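Asker: Here it is, the structure in full.
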Amino acid sequence: MEPSRYAHQNSDERMRILIVDDEVSIRRILYRILENGGYDVLSAGDGAEALSIYRRSSPAVDLLITDYNMPDMTGLELARECTAIHSRLPVLYISGAPPDEALRCELHKPGRAFLAKPFRKDELLRTCKEMLLMQPEPQCSAAQVSL
């Protein structure tokens, strides 16, 4: 399995994860788990803040972890904004509610996953590792395909 295209070329650099959750306590726990897991972690309390961080992040974010149900901008809306900038950004949705129809459709895309809250530390770290190692197949439109 090849590393994500968002993996840093310098092996000394840690993979960067942006976590987004409107609940401060959840954000702090996720931050601690991921930082202790060896990741460079950024965090935001809502979609607008996350999008601002994402746009100016250098090096780039390697994985977006977002709560699905947030006020003002949902995790799905945030992911769409971020993937409009970098189409192959892996996105891990987290939620205490079961996935609705829109999220179930989203999860069929490459580089998308879902964890139901509460989840175990090892589940989170394993899922992050798998998503960061995954390299989605290039997506192309019918107009780009020539026979």
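The values are calculated or read from the model by the stated rules, or taken from the named source; none is laboratory data. Keep in mind that this is a model prediction, so the values were computed, not measured. Here the Cβ positions follow ideal geometry from the backbone for every residue, glycine too, while neighbour counts run over all protein chains shown.
Asker: Would you call GLU123 more than 19 Å from GLU35 (Cβ to Cβ) and not in a loop (DSSP other than H, G, I, E, B)?
Answerer: Values: more than 19 Å from GLU35 (Cβ to Cβ): no; not in a loop (DSSP other than H, G, I, E, B): yes.
Spelling it out, it is not the case that GLU123 is more than 19 Å from GLU35 (Cβ to Cβ) and not in a loop (DSSP other than H, G, I, E, B).
Asker: To continue, here is another question. Would you kindly identify the strands (runs of 3 or more DSSP E) lying entirely within the range 1-114 that contain at least 2 residues that are of a type in the set (Gly, Ala, Ser), surrounded by 14 or more Cβ atoms within 10 Å (Cβ to Cβ) and at pLDDT 95 or above?
Answerer: 40-44
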